[in-house]
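Novice: Have a look at this one.
The values are calculated or read from the model by the stated rules, or taken from the named source; none is laboratory data. Keep in mind it's a predicted model, so treat the numbers as computed, not measured. Every residue, glycine among them, receives a Cβ derived from its backbone with ideal geometry; neighbour counts consider all protein chains shown.
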Amino acid sequence: MFILPILLGWFIFGYNYFKSLVGKVKDWPVYYWMWGIGIVFMIFHLSEANFWVFDYFRKDYVKDLTVQWKSYGSFVGSWNMLVYGTAFYVLSKIKDNTNIARGRVTFFFFFLGLTNLMFGWAHHAYILPTLPWIRYVAYAVSMTEWIIFIRIIYGWRKSLTPREKKENSMAYMFIRASDFWVFANLVMALLMSIPTLNFFTHGTHVTVAHSMGTTIGINTCILLASVSFILSKLEVKHRPTRKLPFYMFNGSLFVFWITLIAMGLKKAVWELNNPDGHIGELHSESAPYYIRL
Amino acid sequence: MHKRIRQNKLTLMIFITVCAVYTVIVYSGKTASSAPYLSSQAMEGEKLWQDNNCASCHQIYGLGGYLGDDLTNVISNPHKGENYVKAFLNAGSKSMPKFNFTEEEKEQIVQFLSHVDWTGYYPNVDAELGKDGWVSIKYK
């Protein structure tokens, strides 16, 4: 039961967080909301992921799987709240302007993200024998992400001023890179949430490309952006300037990502065509992909 | 300003309430599978499945490691089935470890996998793919 100390850690973190903020800061900017929600939902969904210990869930196998898959989706959503909160924080510090973090549009997107955290998980479970209405809800909710998609495209047209870019160049580069990964992730998520496409991609490396590939890109870039931001506030000689590692990281991740997608499509085709096959055959056929990995 | 803060708080409350109701429905509602509850033997089998990390290499309904096969329907597969599974467990192969299960444990694992098989199909080869993006999956 390794989960208990982990949960305890989150509890203490949450207690500390709310104790430091509640009543002390008025008119929370959106990233305080995001961090707060992230912590609370993380605690709930991490617990939920372990509900299988109770016979009530365990005895009903399909329900047990549904609840486990639900929790995976939602605790990733909670984690995203924490990470995107950080991205927002860094961005408003770079721009030296916290107004955007309190605006109407910003909160609209916060609530849209929350909708997907709460209800979007069910596209993980399209292929499980759950009742169709759960799958309908999932389909409808997932498609709201198109709004985020359009928003990102629109947002690319507006950018920072050259001076702001230069002063925080490393942090800014990482934020831009994370934008790319968010975009890639979203495109995949949108396509994979359409049941007919999900039918093929579920249970293949395409899922991995989405859940790990792009997410590694997003989380790492945002965390490195905040580190770079902190470093940029230090004396000049400590400021990170080398760009090679930045390109190496993003470049190799990109190759990894494309390979996973190719591999996944191959697995999908193989599985549907060889119901009695042995997985070893797929592996031998796929050796070139592994080597490229 | 105060109006905006109040609106945000209210919206959050509504979200949390709807989410709570939805969660309770998911927890207490039915599923589309006609399988009964797991038998105690099958539950023992599930425990062996977890304790031996079968899922790190094998999938059920497509979830799990990609080294081994998806085992959702291994029992009802006319070319595989119970005895095939039992034989596999203690024999191992190039890439699957050799286990030392007793007859009883092998039977429990088979009971578990039979139960899983009972709940549905994966891959759901007979599902109907609609033009509107919807998939009607076939239930057992």
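Novice: Of (1) under 25 Å from A:Asn273 (Cα atoms); (2) more than 8 Å from chain A (Cβ to nearest Cβ), B:Ile137 satisfies all except one. Which?
Specialist: Going through (1) under 25 Å from A:Asn273 (Cα atoms); (2) more than 8 Å from chain A (Cβ to nearest Cβ) one by one, B:Ile137 breaks only (2).
Novice: Next question. State all residues of segment A:33-51 that are of a type in the set (Phe, Trp, Tyr) and buried (at least 19 other Cβ atoms within 10 Å of the Cβ); if no residue qualifies, say none. Can you show your working first?
Specialist: Of all residues in segment A:33-51, those of a type in the set (Phe, Trp, Tyr) come to A:33, A:35, A:41, A:44, A:51.
Hits for segment A:33-51 are A:Trp33, A:Trp35, A:Phe41.
Novice: Listed residues B:Val135, B:Val85; which is over 30 Å from A:Thr196 (Cα atoms) and either surrounded by 15 or more Cβ atoms within 10 Å (Cβ to Cβ) or in contact with a helix residue (DSSP H, G or I) (Cβ under 7 Å, 6 or more places away or on another chain) (or both)? Step through it out loud before you land on a result.
Specialist: Details: B:Val135 fails: over 30 Å from A:Thr196 (Cα atoms).
When all the criteria are applied, what remains is B:Val85.
Okay, residues lined up against (1) away from chain B (no Cβ under 14 Å); (2) in contact (Cβ under 8 Å) with a residue 60 or more places away in the chain:
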{"residue": "A:Leu186", "(1), (2)": "yes, no"}
{"residue": "A:Thr196", "(1), (2)": "no, no"}
{"residue": "A:Phe200", "(1), (2)": "no, yes"}
{"residue": "A:Ser211", "(1), (2)": "no, yes"}
{"residue": "A:Ile222", "(1), (2)": "yes, yes"}
{"residue": "A:Arg242", "(1), (2)": "yes, no"}
{"residue": "A:Ser252", "(1), (2)": "yes, no"}
{"residue": "A:Val255", "(1), (2)": "yes, no"}
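Novice: Another question, if that's okay. How many of the residues making up segment B:1-60 are out of contact with any Lys or Arg (no Cβ under 6 Å at 6 or more places or on another chain), facing another protein chain (nearest Cβ under 8 Å), within 22 Å of A:Phe51 (Cα to Cα) and part of a loop (DSSP other than H, G, I, E, B)?
Specialist: 5
Novice: If you don't mind, there's one more thing I want to ask. Which of the residues that make up segment B:38-61 are on the phi > 0 side of the Ramachandran plot and surrounded by fewer than 20 Cβ atoms within 10 Å (Cβ to Cβ)?
Specialist: We begin by selecting, within segment B:38-61, every residue on the phi > 0 side of the Ramachandran plot; these are B:53, B:61.
Passing the criteria: only B:Asn53.
Novice: How many residues are hydrophobic (A, V, I, L, M, F, W, C) and either in contact with a Pro (Cβ under 6 Å, 6 or more places away or on another chain) or under 30 Å from B:Leu89 (Cβ atoms) (or both) when one looks only at segment B:1-55?
Specialist: Let us first name the residues in segment B:1-55 that are hydrophobic (A, V, I, L, M, F, W, C), namely B:1, B:5, B:10, B:12-16, B:18-21, B:24-26, B:32, B:35, B:38, B:42-43, B:48-49, B:54-55.
Right, trim to either in contact with a Pro (Cβ under 6 Å, 6 or more places away or on another chain) or under 30 Å from B:Leu89 (Cβ atoms) (or both) and you get B:32, B:35, B:38, B:42-43, B:48-49, B:54-55.
Looking only at that region, the number is 9.
Novice: On to the next question. Kindly indicate the residue of segment A:233-248 that is at pLDDT 80 or above and in a helix (DSSP H, G or I) and also surrounded by the fewest Cβ atoms within 10 Å (Cβ to Cβ) among those meeting that condition.
Specialist: The extreme case among them is A:Leu244.
Novice: Taking only segment B:89-100 into account, find how many residues are crowded, with 16+ Cβ neighbours inside 10 Å and more than 11 Å from chain A (Cβ to nearest Cβ).
Specialist: First, pick out the residues of segment B:89-100 that are crowded, with 16+ Cβ neighbours inside 10 Å: B:89, B:96, B:99.
From what is left, the residues that are more than 11 Å from chain A (Cβ to nearest Cβ) are B:89, B:99.
The total comes to 2.
Novice: Condition first: more than 11 Å from B:Asp117 (Cα to Cα) and either aliphatic (A, V, I, L, M) or more than 8 Å from chain A (Cβ to nearest Cβ) (or both). Now tell me which residues in segment B:61-77 satisfy that.
Specialist: Of everything in segment B:61-77, those that are more than 11 Å from B:Asp117 (Cα to Cα) and either aliphatic (A, V, I, L, M) or more than 8 Å from chain A (Cβ to nearest Cβ) (or both) turn out to be B:Leu63, B:Gly64, B:Gly65, B:Leu67.
Novice: Give segment B:120-129 a look and list any residue that's more than 7 Å from chain A (Cβ to nearest Cβ) and outside any strand (DSSP E or B), or say none. Break it down stepwise before answering.
Specialist: Applying the first criterion (more than 7 Å from chain A (Cβ to nearest Cβ)) to segment B:120-129 yields B:121, B:126, B:128.
Within segment B:120-129, B:Tyr121, B:Asp126 meet the criteria.
Novice: How many residues are farther than 28 Å from A:Tyr17 by Cα and touching a strand residue (DSSP E or B) at 6+ places or on another chain (Cβ under 9 Å) when one looks only at segment A:40-68? Break it down into steps so the answer makes sense when it comes.
Specialist: Filtering segment A:40-68 for residues farther than 28 Å from A:Tyr17 by Cα gives A:52-67.
Right, trim to touching a strand residue (DSSP E or B) at 6+ places or on another chain (Cβ under 9 Å) and you get A:65.
Count: 1.
Novice: Follow-up question, since we're still on this one. Here are some residues: B:Thr11, B:Thr72, B:Thr23. Which one is of a type in the set (Ser, Thr, Tyr) and over 23 Å from A:Arg58 (Cα atoms)? Please lay out each step first, then the result.
Specialist: Working: B:Thr72 fails: over 23 Å from A:Arg58 (Cα atoms); B:Thr23 fails: over 23 Å from A:Arg58 (Cα atoms).
The conditions single out B:Thr11.
Novice: Can you work out which of the residues in segment B:101-119 that are touching a helix residue (DSSP H, G or I) at 6+ places or on another chain (Cβ under 8 Å) and polar (S, T, N, Q) is nearest to the other protein chains (Cβ to nearest Cβ)? Write out each step before concluding.
Specialist: Within segment B:101-119, the subset touching a helix residue (DSSP H, G or I) at 6+ places or on another chain (Cβ under 8 Å) is B:101, B:105-116, B:119.
Still in the running and polar (S, T, N, Q): B:108, B:111, B:114, B:119.
On the way: B:Gln108: 15, B:Gln111: 12, B:Ser114: 11, B:Thr119: 5 Å.
That would be B:Thr119.
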